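Novice: First the structure, which I've put down as C-alpha cells, then a few questions once you've had a look.
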Amino acid sequence: MSDFGKYFLPGPTEVRPEVLGSMVRPVIGHRGPEMEKLMSRVQPRLRRLFRTGRPVYVSTSSATGLMEAAIRNCVPDRVLSLVCGAFSERFHKIAVACGKAADRIDVELGESNEPGPLVDALGRGDYDAVTVVHSETSTGVLNPLAEIAAALRESSPETLVLVDCVTSLAATPVEVDGWGLDFALTGSQKGLALPPGLAFGVASQHAYERSLEAPGRGLYFSFEAFEGAVAKGQTANTPAASLLFALDAQLERIEAEGLEARWARHRAMAERTWRWVDEMREVHGIALRVLAAERRRSPSVTCVALPEGLSGIDVTRRMAERGYTIAAGYGKLRESTFRIGHMGDHTVEELEALLDELASVIAEQGQRG
Ligand SMILES: *Cc1c(COP(=O)(O)O)cnc(C)c1O
C-alpha cells in the first residue's frame, strides 16, 4: 500500500505511484519514432484538456518559463497586469524584467480582479496585452476569466489576453477557444498532478502571428520554435523524456476519469473544505474564515484566514508532525493564513481525513493560545 493521500501542498501536488513508476524505463532519443509516437498520443489529449484546436506547446521548464514566453512573444511594448496575489504579481515582475512598459491593477489580497477596472484602464492606455492569473494560488481566488476575456475583446479587440491557468487547468473549466484566450499556460506539478519540470501552453492563431513580429523574443521560448516542433511531432530541443513518459501515463488516467468528472471532484473537495471552515466557526467556535469571497473561490486551493493568536506556520508544522503536509500562507499572508491544496488526484475521502486531523490540531492550539 502506498502512503498516497497525506500531501496537500498547493503545488507540487502528490503524484500517483503508478505515474511515478511510468518514468522508470530507459531514456529514448527525441528524434526517433518512439518519441514521435508518444508525442502523437499526448498532443490530441493535451488539446482536449485545453479545449482547443490549436497546437499545445510542450516545454521543459517550470510554468514561469512560459509566463516569460508569453511576455516575450506577445508584448512588443506595453502590457497591463491584473494583480491579486503573488503569482499574478510575478507576471508583472517578468514584464518589467524583460524591459517592457508594464502597468498593473492591484486589488486587496483575497479579492478578485474584475472586468470593470480593466475596462477603465484600457480607456486610459493602449496595451499589446493584458496578463491575468485564473486561480491565484497565494490567496485561493478564482478570477472571472471568461468575463475578463469578453470585456477585453469588447473594449480593446487588438489587446491579447495572456493567462496563467496553473492551478485551474484540469481542475475547473478552462475554455481556451471558447473564451478567446490568446495564450494559456500551465505547469505539470499542479492541477495535472505530475512531477515538476514540464509546462504546457497554447497560443491563438492571432497571438502566434503577432509573435512572429515580436522583437527580441529569443529562441528557446519562441512560439515559432514550439509550433514548428509540434508540427513535426517533436520538441525543439532535448526534452525531459522521463517526464514525458509520466505525462503520457497521466493523460491516459485523466481521460479515463473524464475531464468533467475531474472538475466535479475538485468542486466537491473545495466545497467540503469551505463547509469545514464554516463548521469550525459555527460548531467549534474557532473563527476561521475562507479568505476569498464566496463567488470567487478557487476549486483547487483554499486559503484559510486564522483568528488572532493562531499562526499558519504553527498549524502547518503541527500537521507535519502528524504526517500531513499543508502550506503556510504565502508572502504577506504567511502567519495569518494557511493553505490546503485540494487538487490533482486527491479524493474527498482523503481530504476528510486531513480535515479531521486539522480540526484537532487547531482546537489544541486554540486552547493553549
Ligand atoms: C505554481 C504557480 C506558478 C509557478 O509555477 P513554477 O512551476 O514554479 O514556475 C505560476 N502561477 C501559479 C498560479 C502557480 O500556482
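Only the coordinates and a few stated rules stand behind these numbers; no lab work does. Just so it is clear, the model here is predicted, and its values are computed rather than measured. Cβ atoms come from the backbone with ideal geometry, glycine included; neighbour counts cover every protein chain shown.
Novice: Using alpha-carbon pairs under 8 Å, 6+ residues apart, how would you state the relative contact order of the chain in percent?
Specialist: Normalised by residue count, the contact order of the chain is 23 percent.
Novice: Between beta-carbons, use under 13 Å as the cut-off and find the net charge around Asn143, counting Lys and Arg +1, Asp and Glu -1.
Specialist: Summing Lys and Arg as +1 and Asp and Glu as -1 gives -2.
Novice: Taking the Cβ of each residue in Cys74, Cys303 as the centre, tally the other Cβ atoms inside 10 Å and list the residues starting with the fewest.
Specialist: Cys74, Cys303
Novice: 222 nm [θ] for the chain, helices only, -39500 (n - 2.57) per DSSP H run of 4+, per residue, to 500?
Specialist: -13500 deg cm²/dmol
Novice: If you take the beta carbon distance between Cys98 and Ala353 as r and set R0 to 45 Å, what does 1/(1 + (r/R0)^6) give as a FRET efficiency, to the nearest 0.05?
Specialist: 0.50
Novice: Next question. Would segment 17-256 count as rounded, prolate or oblate if I go by the C-alpha gyration tensor, calling it rounded below 1.5 in a/c and otherwise prolate when a/b exceeds b/c, oblate otherwise?
Specialist: prolate
Novice: Put a dot 7 Å past each Cα toward the Cβ at Asn237 and Glu36; how far apart are the dots in nm?
Specialist: Between Glu36 and Asn237, the label points sit 2.4 nm apart.
Novice: Turning to a different aspect of this structure: Can you check what the net charge comes to around Gly99, using other residues whose Cβ is under 11 Å from the Cβ of Gly99 (Lys, Arg +1; Asp, Glu -1)?
Specialist: +1
Novice: Could you tell me the relative contact order of segment 259-368? Use alpha-carbon pairs under 8 Å, at least six residues apart, and round to a whole percent.
Specialist: Relative contact order comes out at 27 percent.
Novice: Based on Cβ point charges of +1 for Lys and Arg and -1 for Asp and Glu, what charge dipole magnitude is obtained for the chain about its Cα centre, in debye rounded to the nearest 20?
Specialist: Charge dipole of the chain: 660 debye, to the nearest 20.
Novice: With each label point set 7 Å from Cα along the Cα-Cβ vector, what nm distance links Glu108 and Glu282?
Specialist: My value for the distance between the label points is 2.4 nm.
Novice: Whats the longest run of the chain with zero GluC sites (Glu not before Pro) that are DSSP loop and have at most 15 other Cβ atoms within 10 Å?
Specialist: Looking at the chain, 1-107 is the longest stretch - no exposed GluC sites (Glu not before Pro) with at most 15 other Cβ atoms within 10 Å.
Novice: Okay, moving on. Taking the beta-carbon count within 10 Å as an exposure proxy, list Val277, Val202, Val133 from fewest neighbours to most.
Specialist: Val277, Val202, Val133
Novice: Place a label point 7 angstrom from the Cα of Arg253 along the Cα-to-Cβ direction, then list the residues of segment 173-204 whose backbone nitrogen is under 13 Å away.
Specialist: 189-196
Novice: In whole percent, what relative contact order does segment 28-175 give with Cα contacts below 8 Å and a gap of six or more residues?
Specialist: 23
Novice: Taking the chain as a Gaussian network, Cα atoms linked when under 10 Å apart, which of Val176, Val348, Val301 shows the biggest mean-square fluctuation?
Specialist: Comparing Val176, Val348, Val301 in the GNM, the peak value goes to Val348.
Novice: In terms of modelled amide H atoms, which long-range or inter-chain residues lie less than 5 Å from the amide H of Arg104?
Specialist: For Arg104, whose amide H was placed from the backbone, the distant partners under 5 Å are Ser81.
Novice: Highest mean first, what order results for 58-64, 167-173 on Cβ atoms within 10 Å?
Specialist: Averaged packing, sorted descending, gives the order 167-173, 58-64.
Novice: For segment 207-299, what does the alpha-carbon gyration tensor say about shape, rounded, prolate or oblate, given a ≥ b ≥ c as the root eigenvalues, a/c under 1.5 as rounded, and a/b over b/c as prolate?
Specialist: In terms of gyration-tensor shape, prolate.
Novice: Just want the ordering: Ile313, Ile362, Ile254, from fewest to most Cβ atoms lying within 10 Å of their own Cβ.
Specialist: Arranged by neighbour count, lowest to highest, Ile313, Ile362, Ile254 become Ile313, Ile254, Ile362.
Novice: For Arg334 paired with Glu18, estimate the spin-label separation in nm (one decimal), with each label point 7 Å from Cα along the Cα-to-Cβ line.
Specialist: Going by the 7 Å Cα→Cβ label model, 4.1 nm.
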